[in-house]
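Here the structure comes first, spelled out in structure tokens, and everything after it is commentary.
The values are calculated or read from the model by the stated rules, or taken from the named source; none is laboratory data. Not measured: the values here are computed from a predicted model. Reconstructed Cβ throughout: ideal geometry from the backbone, glycine too, with neighbour counts over all protein chains shown.
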Amino acid sequence: MPENTAIEVVVVDAANSEKGKVALPAAFAARVSEGALFDQVLAQLASRRSGTAKVKTRAEVRGGGKKPWKQKGTGRARAGSNRSPIWRGGGQIHGPQPRSYAYRLPRTARKAALRSALTQKARDGQVRVIDRLSFEQPKTKQMRETLAKLGIQSALIVTAQADTNIVLSARNLPNVTALPVAGLNVYDLLKHEILLVSQDALAVIEERLA
């Protein structure tokens, strides 16, 4: 499909009844950059690393306050501490220390990656638009039944604004994640098979990626 060609998708309700059609925003018809996708996924996964691995240096290992033996006259090599890195039980040299692995790509690169992921979903026919999705209270069973009616097993559900009831209803379902447009990201888009987006969220996506 040529770049910048608008894609129309069917709008359905929670019962999977057709309610019309809608043209997806320009963000769903951009150039797909595999390099941008790779870089952004790598950045997201790096940012999720805990970075808590740590070993003790010679300054942190307990003991070693007394010189093991006198400097001269023993015939052995000089030693100032039994916690030297070359001794058993001594400190570690150049071992891991707590650090942050997080980094961010430039804004233009992040937007290009998100547009690429959305476009790839649209081209593969994996974008579904629902006219309205709302729950009066968190109900995992209701979410499961709704997705079953839509014929969806793995989905990233995107709403215009954060909806606690929807997020909690989807939390315990495997292969289902619910996010507001503000949290839309490349990793979750590629991880799930279907992008289920509410109709009012399309305008917010277009505004975010304008």
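Overview of values
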| read-out | value |
| --- | --- |
| Helices (runs of 4 or more DSSP H) contained in region 91-210 and holding at least 3 residues of a type in the set (Gly, Ala, Ser), within 19 Å of Ala27 (Cα to Cα) and outside the structural domain of Gly80 (by TED's automatic domain parsing) | 107-123 |
| Flag if Ala29 is in contact with a Leu (Cβ under 7 Å, 6 or more places away or on another chain), closer than 20 Å to Arg128 by Cα, in the same structural domain as Leu150 (by TED's automatic domain parsing) and surrounded by 14 or more Cβ atoms within 10 Å (Cβ to Cβ) | no |
| Residue list for region 43-88, filter: without any contact (Cβ under 8 Å) to a residue 12 or more places away in the chain, small (Gly, Ala, Ser) and under 30 Å from Ala113 (Cα atoms) | Ser50 |
| Residue list for region 65-92, restricted to those being among the polar types (S, T, N, Q) and loosely packed, with under 14 Cβ neighbours inside 10 Å | Gln71, Thr74 |
| Residue satisfying all of: in region 32-64; in a helix (DSSP H, G or I) and surrounded by 15 or more Cβ atoms within 10 Å (Cβ to Cβ); nearest to the chain's Cα centre (by Cα) among these | Gln44 |
